[in-house]
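The values are calculated or read from the model by the stated rules, or taken from the named source; none is laboratory data. All figures in this text were calculated on a predicted structure; none of them were measured in a lab. All Cβ positions, even for glycine, are placed from backbone atoms using ideal geometry, and neighbour counts span all protein chains on display. Only protein heavy atoms, including side chains, enter the accessible area calculation; ligands, DNA and RNA are left aside. Shrake-Rupley method; radii C 1.70, N 1.55, O 1.52, S 1.80 Å.
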Amino acid sequence: MKKRLFLILILILIVGCAEEIPEDTGTTQPVIPVKEYEPVEGSINWQKIGPGAGGAIISTAIQPDDENVIYLGSDVAGIHKTTDGGKSWKSINNNLAFDSYSADAYGIVDITIDPSNENKAIGYKTVYLSTWQGIFKSTNGGESWKLIYPGKGEPGAAIGAIAIDPNNPKVVYAVKGNVIAFAGSSTILKSADAGLTWREIKGTGIDPNSLIFSLLISPKDSSIIYASTNKGIYKSNDYGESWTAINNGLPHTDARIMALSKENNEIILYVI
């Protein structure tokens, strides 16, 4: 989590360094020299580490007990995995795509590792994928995948995010909606049996025209869930059945990435 928060801060700093370009008023503008920045003492030197499979990398997940195990998802190349901190990568698409929607299955919007690790013998091997086709699940660290929503033969459904109850891994939430194309609206799905069956939660209090970009469950209390949308941040106190907007203090309501941290027994919510 600290790594993810650090990356978010880096992104914020990059955006903050951008300079405004003067509007073209039809008059001659003085040439403004490009500002050169000296490296900051103690800053990180970034290196490209792959996997070099083409397409845009749009999702990532780090295994909670081993930072060398990383999953990367792209828009066209599917999912890759490293077990040595990025020195080498392996395509683990395997049986991810089949029938007529293989291209949609390769669009990996979100990667979610089961945080509970109930089976200590196999470690964090249960992984869920949010794709343009639906929800896929692996119980062996990505060696094989199974489509768990929608049913095989049914029309595909773009899934934007997945959240797993850290205290009860059988309870899984998902967001149906095309967040990559910024089109339409979102619906919250909930499963009480680790993805075997799903139901839609309707009339929740979230703006029905909103796109939901992410869901986070409080590690202290599983009944508390946060949702970031293009209509603001929402909070549920009853396991996602109803929601209330919590936008006081935000500069606007277009909210995207969220992160939670636990400090001094308090839960801190960060949002971009």
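With every protein chain present, what is the per residue accessible area of region 60-217 (1.4 Å probe, Å²)?
On a per-residue basis, 43 Å².
Can you sort F182, F136 by 1.4 Å-probe accessible area, starting with the largest?
The residues order as F182, F136, largest area first.
Hand me the trypsin sites (Lys or Arg not before Pro) from region 220-272 located in a DSSP loop with no more than 14 other Cβ atoms within 10 Å, in residue order please.
Within region 220-272, the qualifying trypsin sites (Lys or Arg not before Pro) (loop, at most 14 other Cβ atoms within 10 Å) are K220, R256.
What percent do you get for the relative contact order of region 135-272 when only Cα pairs under 8 Å and 6+ apart count?
About 15 percent, as a whole number.
Using 32 Å as the Cα-Cα cut-off, could you pick out the over-long pairs in K48/K235; K231/K262; K81/K202; K87/K190; K170/K202?
K48/K235; K81/K202; K87/K190
Carbon-plus-sulfur fraction of the accessible area of region 80-236, 1.4 Å probe, in percent?
47 percent
Can you work out the accessible area per residue across region 224-272, with the rest of the protein chains kept in place, probe 1.4 Å, in square angstrom?
56 Å²
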